[in-house]
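Comments concern the structure below.
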Amino acid sequence: MDNLKVKPGLKVTSKMQQLARDVKKLEDQLAVCTSCGMCQAHCPLFAQTHKEADVSRGKLALIKGLIQEMFEDAKGVEERLQKCLLCGSCAHGCPSRVNTQEIFLKARVIIAQYHEMPFFQKIIFKNHLANPELFNGIMGKLTPLQKLFFKEEKNLQGTSCARIASPVLRNRHIVSLKKRAFNQTLKGEDLLIKGGGVKIAFFTGCLIDKMLPDIAYSAVDVLKHFDAQIFIPFNQGCCGIPAIASGDIETFKTLVKTNIKLFLKQECDYLVTACATCTSTIVNLWPSMLRDEDAEFLHQVGKLARKTVDISWLMEKRFDLFSAISESHDTTKIQAAKEPCDTKEIVTYHDPCHLKKSLGVFKEPRQVILACNHELKEMAESDTCCGMGGSFNLKYYDISSKIGLQKAQNIIDTKCSIVATSCPACMMQISDMLAKLNHSIRVKHPVEIYAQALKSCSTLNGSN
């Protein structure tokens, strides 16, 4: 176990003894693991490195080592825990149903309390991310400065490359910040669109808000088409996954409280997101990572978590998708125009790990695509991780790219013109990989495809 300082004798610092007592709180969850090794077959990281410390069984053994006071410090264990995609593939394929993601996150939080957070990370999380109004304002000011650091590429991915040879940015094809974030269109006020149907509160998410706002616009268009009542609070906060993944439980807690306060202002039937990671975080991590909070707050968290759904799930379960598209086709006008309402294309779909493996949602996005009269062609290994993993992509880009390039090749092999997925982070990773391979396959969210189908029909019917 390289980089792990194994205790040579009996001398143990009081700091490590206290750490061992804190980690011991995870002992019951750790005991569920039988060390069968099935996680090796499902871990995308282990498939690349073949290192036991990179697979769940190895990481769980290291956490147990902290309880047994085997190490001089926790730095090496922390590094191993951070080297994880948090994709949930191991838990999804585990015969004992070990909740590895929750264990790893709780262990990160415990270990993080025993050392100082890096200065830059502290500034980003505690000073900026924890304050949505300030964070949104700063990101808005950074947008015009992008041209100084990134150069636009001529490809359909809409990505940019760094102008400087930065260790973090080199070789990346980056989806840039949009000139106007979605939250800026709210003009400083909560948005409430009245409708006679289902009551929806929409959680935008950071990546959609600032880099992929067309997803949010499409979601609003589709919800309006089905006469939903839509509530979108201004200056929403991040769902908290970047903070909790780094062990910053306080910023995570602050963001949850901020969002709870915003979204409970208006009664809703569903809290809807178009981001698989946000959905999974709200449904699973908000309740599980805050169990020690007061009863009233936990009640509010649970209430909102139980209402949270992915937008494709909502569309498939509550709306008549196929009829809506067919009713938008005016047969007489279509024949007069001598062209179909939609141009049929080959679409393939990538299953985000946090949507299929954590929430069991995978049929619904496909139904959304099929309702648009496109041909859905499945890629090989559609539910394998794309290699993004949030901060993992920043720290281990070489490994992330190897995983991502295999995903991109599976996409290319379908001969599709569009690859759809329900996670903006996956969209960014796939866009990067397709740009590397110089492919013009468009990367879209299912709700964007559906909104375009509705728009195409309406435009044609209104033009004759």
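Compute the signed sum of charges (Lys and Arg +1, Asp and Glu -1) over the other residues within less than 15 Å, Cβ to Cβ, of E250. After counting each charged neighbour, the total is +2.
Just to confirm a number: summing +1 for Lys and Arg and -1 for Asp and Glu over residues other than A228 whose beta-carbon lies under 12 angstrom from that of A228, what do you get?
Numbers: positive: K194, K199, K224, R318; negative: D221, D227, D269.
Neighbourhood net charge equals +1.
Any lysines with Cα under 27 Å of the K194 Cα? List them, leaving off those in the same chain fewer than 8 positions away. Cα-Cα hits under 27 Å: K210, K224, K257, K261, K265, K303, K307, K317, K455.
Of the trypsin sites (Lys or Arg not before Pro) found in the range 363-464, those in coil by DSSP whose Cβ has at most 15 other Cβ atoms within 10 Å are K377, K415. Please give me, ordered by residue number, the trypsin sites (Lys or Arg not before Pro) of the range 5-107 that lie in loop per DSSP and have at most 15 other Cβ atoms within 10 Å. Passing both the DSSP loop test and the Cβ count: K5, K11, K51, R97. Applying 1/(1 + (r/R0)^6) with r as the Cβ-Cβ distance of E116 and E27 and R0 = 25 angstrom yields a FRET efficiency of 0.40.
Just need the relative contact order of the chain here, percent rounded to a whole number, with Cα pairs under 8 Å and 6+ apart.
16
Ignoring lysines fewer than eight residues from K64 along the same chain, the ones with Cα atoms less than 21 angstrom from its Cα are K5, K7, K11, K15, K24, K25, K51, K75, K83, K106.
Pairs exceeding a 25 Å alpha-carbon distance, out of K59/K395; K187/K253; K126/K356: K187/K253; K126/K356.
For the pair K415 and S326, a Förster radius of 35 Å applied to the C-beta separation gives a FRET efficiency near 0.80, rounded to the nearest 0.05.
With contacts taken as Cα pairs under 8 Å and at least 6 residues apart, the range 320-462 reaches a relative contact order of 32 percent. Kirkwood analysis of the range 13-73, using all unique Cα-Cα pairs, places the hydrodynamic radius at 12.5 Å.
Taking every DSSP helix (H) stretch of at least 4 residues in the chain, weighting each as -39,500 (n - 2.57) and dividing the sum by the residue count yields a mean residue ellipticity at 222 nm of -13500 deg cm²/dmol. A straight Cα-to-Cα reach below 18 Å connects K357 with the lysines K407, residues fewer than 8 places away in its own chain not being considered.
Counting only DSSP beta bridges with both residues in the chain, the antiparallel share comes to about 30 percent.
Annotation for the range 247-299: trypsin sites (Lys or Arg not before Pro) lying in DSSP loop with at most 14 further Cβ atoms inside 10 Å of their Cβ are K265, R291.
Using the beta-carbon distance between E378 and K265 and R0 = 35 Å, what value does 1/(1 + (r/R0)^6) give for FRET efficiency, to the nearest 0.05?
Numbers: r = 42 Å, r/R0 = 1.20.
So the FRET efficiency works out to roughly 0.25.
Summing Lys and Arg as +1 and Asp and Glu as -1 over all other residues whose Cβ lies under 15 Å from the Cβ of K178 gives a net charge of +1. Taken over the range 320-462, the convex hull of the Cα atoms encloses 105 Å³ per residue.
Bear in mind that the values in this text are calculations on the coordinates, not laboratory data. Bear in mind that the values here come from a model prediction, so they are computed numbers and not experimental data. Cβ sites come from the backbone with ideal geometry, for glycine too, and all protein chains shown count toward neighbours.
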